[in-house]
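Undergrad: Submitted below is the structure of interest, expressed as structure tokens.
The values are calculated or read from the model by the stated rules, or taken from the named source; none is laboratory data. This structure is a prediction, so every number in the text was calculated from the model and none was measured. All Cβ positions, even for glycine, are placed from backbone atoms using ideal geometry, and neighbour counts span all protein chains on display. Protein only, heavy atoms only, side chains kept; ligands, DNA and RNA dropped before computing areas. Shrake-Rupley method; radii C 1.70, N 1.55, O 1.52, S 1.80 Å.
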Amino acid sequence: MYNDKVMEHFRNPKNVGEMTEPDGIGRVGNPTCGDIMQIAIKVKDDRIEDVKFQTFGCGAAIATSSMVTEMVKGKTLDEALHITNRSVAEELGGLPPNKLHCSNLAADALHEAIKDYQAKLGGSNGNGKDKPADGEEKDKHEGQDKHEGQDKHEGKDKPEGKDRPEGKDRPEGKDKH
Amino acid sequence: MAETRRVYLDHAATTPVHPEVVKIMDHYMLEAFGNPSSIHSFGREARKGVEEAREQVAALMGATPNEIAFTSGGTEADNMAIQGVAHGRRDVGNHIITSTIEHHAVLHTCEHLEKAGYKVTYLPVDKYGMVDPDDVKKALTPQTILVTIMAANNEVGTIQPSAEIGRVVKEHGQAYYHIDGVQTYGNWPVNVDDLHADLFSASSHKIYGPKGTGALYIRKGIKLVPLVFGGSHERKRRPGTEGVPGIAGFGKAAEIARETLDQRIAHNTALRDRLISGLLAELDYTRLNGHPTQRLPNNANISVEFVEGESMLLNLDMKGIAASSGSACTSGSLEPSHVLLAMGLPHEIAHGSLRLTVGTDNTMDDIEDVIATLPDIVRRLRAMSPLYADKIKGHSAAPLTPAGEEHHHDV
Ligand SMILES: Cc1ncc(COP(=O)(O)O)c(C=O)c1O
Ligand code: FES
């Protein structure tokens, strides 16, 4: 069901483990299946110098975690913020339709880590960079922050088609939903 | 992937076909290939195969051959029983009693009937996955036309008190009693009279027979509205030219099961017990799911905390070991197993569930292989699990930010 590249990242995940003294941490849970991912970053000169992940989840979740860490290493924060769930899945050469939601974890955890870093810098507009459009003020870190405004936790509803032009790649939501 | 030795531990999903079964199926494809309804010798030979199988399948459950109707499998047998009773007894009542841990072949059929106006009671189970016969008694009403409760659960292996439930049903009211016996038939002693069963579903591919064949036991005198209409095959209960090779194979598999049931149970039990005790001894934060003693001889189901099931399965598969899991991530529907949830297991525990089901083709070496292989896999996966990191640092689980791109705009 998974392609070779996904299996390769699953078998030999890159940048896995805990980071000592990270500059930012993002932890997200997958509302669809209950899995959890944490990404820690070290930032230097506005670039992601090091990144590590820890994931409790399926093969796709582990592979996308590994993939996203490879993709952002050395990138500027701005570039990293532009990495989407879709681009991670694409970089992996695609995921089975009912596993696309797993890639949400990877990009979201990364973005949370960056937001955490920026919040720690003590400004809403750290470095004058673009912030995620939801522009939420994050006053804390380490997943303390249960976002209120999140209109949805079910995650089964289809994505609004943002970074998914074709919109074809959403979980099939087989029988149960 | 270079595959060395493979170990198949998913016999509750399906089993390899016994060589003798293959042989007889060959005969009914290559030589006795006639249509059993035909009058010539080809037809008569095929008819003989079907009727022999009917005797063999009946004998393994203490029934008479006339009470057996062949179907396309366990799913059809369940549907035929439940829908057949529902439609046939609409004038008597509209209430059905079942349990929350049934196979989808039963649950989805009941849900479908609910949409058509039937009332369905889904009885809860205890933490071992066991239905309480007393709950059945309390749920019975004058409107109850059918009680359908499985003999043993396919995921956690818990053997239900089917005979007691049957007694309760027969003592209180007029409901028919259907048992989904797909997991017990051929793996555990079955006698439809002792169970007080009116209807009993069995499947061939769980007992070393071919896929796509099953049977429904229909006690003499029980009337069902058939699912399909056509010729007079299977006494009109299930029209359509009989799948002779499959039926003959199923018969042979039932015969082998009957002749070797004691050995089969002893063999499976020994492997299962070693598997459970070995894994629980090797792995911390691990528990057995299902009943400690009232369980199918072939079923081991454990939950490994801080690890997700699919990633365990993939790793085991890479080592040539085939198993299954009730994890949300493996389910297609992305919900954890309804059985584990019905037993009150929290999502996290259901997430790390691993089902290993042994069979006659397994050896103790296979089991030792798994006991030697799984702990490394678990260690590796725990090393990358944020939950395990929390655990060893003594945190309780940290609150989470729900993910999902819905709330992040084009970042
Ligand atoms: C308890 C139970 N009922 C019904 C079925 C369905 O049987 P079949 O695969 O023959 O349709 C199964 C098999 O998965 C089962 O385990
Ligand atoms: S993270 Fe659960 S299905 Fe992928």
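Undergrad: Could you please give the count of residues in segment B:138-158 that are within 17 Å of B:Pro336 (Cβ to Cβ) and either over 12 Å from the mean Cα position of the chain (by Cα) or not polar (S, T, N, Q) (or both)?
TA: Residues that pass the stated criteria total 2.
Undergrad: If you take the residues in segment A:15-36 that are within 7 Å of chain B (Cβ to nearest Cβ) and among the aliphatic types (A, V, I, L, M), which one is most open to solvent (accessible area, probe 1.4 Å)?
TA: Filtering segment A:15-36 for residues that are within 7 Å of chain B (Cβ to nearest Cβ) and among the aliphatic types (A, V, I, L, M), the one most open to solvent (accessible area, probe 1.4 Å) comes out as A:Val16.
Undergrad: Still on this structure, please answer the following. Do we have A:Gly34 as over 19 Å from B:Arg382 (Cα atoms) and more than 16 Å from ligand 1 (Cβ to nearest atom) here?
TA: Here the answer is no, as A:Gly34 does not meet what is asked.
Undergrad: Still on this structure, I have one more. A:Phe53 fails exactly one of the following numbered conditions: (1) at pLDDT 95 or above; (2) open to solvent by 20 Å² or more (accessible area, probe 1.4 Å); (3) within 11 Å of another protein chain (Cβ to nearest Cβ). What is the number of that condition?
TA: (2)
Undergrad: Shifting gears a bit: Enumerate the pairs (first residue in segment B:327-339 and at positive phi; second residue anywhere and in a loop (DSSP other than H, G, I, E, B) and open to solvent by 10 Å² or more (accessible area, probe 1.4 Å)) with beta-carbon separation below 6 Å, excluding pairs fewer than 6 apart on the same chain, so at least 6 apart or on different chains.
TA: Qualifying pairs under 6 Å: B:Gly332/A:Lys174; B:Leu334/A:Thr32.
Undergrad: Residue by residue through segment B:359-373, note down the ones that are over 25 Å from B:Gln183 (Cβ atoms) and either at pLDDT below 95 or of a type in the set (Val, Ile, Thr) (or both).
TA: B:Thr373
Undergrad: Quick test of your reading of the structure: B:Asp135 fulfils all but one of (1) at pLDDT 95 or above; (2) assigned to a loop (DSSP other than H, G, I, E, B); (3) surrounded by fewer than 24 Cβ atoms within 10 Å (Cβ to Cβ); (4) in contact with a Leu (Cβ under 8 Å, 6 or more places away or on another chain). Name the failing condition by number.
TA: Among (1) at pLDDT 95 or above; (2) assigned to a loop (DSSP other than H, G, I, E, B); (3) surrounded by fewer than 24 Cβ atoms within 10 Å (Cβ to Cβ); (4) in contact with a Leu (Cβ under 8 Å, 6 or more places away or on another chain), the lone unmet condition for B:Asp135 is (2).
Undergrad: Restricting to segment B:246-273, name every residue that is open to solvent by 30 Å² or more (accessible area, probe 1.4 Å) and under 19 Å from B:Gly214 (Cα atoms).
TA: Answer for segment B:246-273, where residues must be open to solvent by 30 Å² or more (accessible area, probe 1.4 Å) and under 19 Å from B:Gly214 (Cα atoms): B:Lys252, B:Glu255, B:Arg258.
Undergrad: While we're on this one: Show the residue pairs that are 6+ apart or on different chains and have beta-carbon atoms under 6 Å apart, the first residue being within segment B:185-197 and among the small types (Gly, Ala, Ser), the second being part of a loop (DSSP other than H, G, I, E, B) and at pLDDT 95 or above.
TA: Sorted first by the residue in segment B:185-197, then by its partner, the pairs are B:Gly186/B:Ile207.
Undergrad: Grab the strands (runs of 3 or more DSSP E) fully contained in segment B:138-249, keeping just those with 1 or more residues being away from every other protein chain (no Cβ under 14 Å), more than 15 Å from ligand 1 (Cβ to nearest atom) and touching a Gly at 6+ places or on another chain (Cβ under 9 Å).
TA: By residue number, B:144-148, B:176-180, B:214-218.
Undergrad: Is it the case that B:Arg219 is modelled with pLDDT under 95 and under 24 Å from the mean Cα position of the chain (by Cα)?
TA: Against the criterion (modelled with pLDDT under 95 and under 24 Å from the mean Cα position of the chain (by Cα)), B:Arg219 does not qualify.
Undergrad: Here is a follow-up. Which ones in segment A:70-98 are within 16 Å of ligand 2 (Cβ to nearest atom) and at the interface with another protein chain (Cβ under 8 Å from one of its Cβ atoms)?
TA: Selection gives A:Asn85, A:Asn98.
Undergrad: Does B:Arg5 fit the bill of being over 23 Å from the mean Cα position of the chain (by Cα), open to solvent by 60 Å² or more (accessible area, probe 1.4 Å), of a type outside the set (Val, Ile, Thr) and not assigned by TED's automatic domain parsing to the domain that holds B:Asp194?
TA: yes
Undergrad: Take the residues of segment B:28-51 that are touching a helix residue (DSSP H, G or I) at 6+ places or on another chain (Cβ under 6 Å) and within 19 Å of B:Gly212 (Cα to Cα): which is surrounded by the fewest Cβ atoms within 10 Å (Cβ to Cβ)?
TA: The qualifying residue surrounded by the fewest Cβ atoms within 10 Å (Cβ to Cβ) is B:Met29.
Undergrad: Next question. Specify the residue that is farthest from B:Asn315 (Cα to Cα); the eligible residues are those in segment A:38-93 that are touching a residue at least 40 places away in the same chain (Cβ under 8 Å) and in a loop (DSSP other than H, G, I, E, B).
TA: Taking the candidates together, the pick is A:Asp46.
Undergrad: Additional query: Counting only residues that are open to solvent by 40 Å² or more (accessible area, probe 1.4 Å) and within 16 Å of ligand 1 (Cβ to nearest atom), which one in segment B:101-121 is nearest to the chain's Cα centre (by Cα)?
TA: Per the stated criteria, the residue is B:His103.
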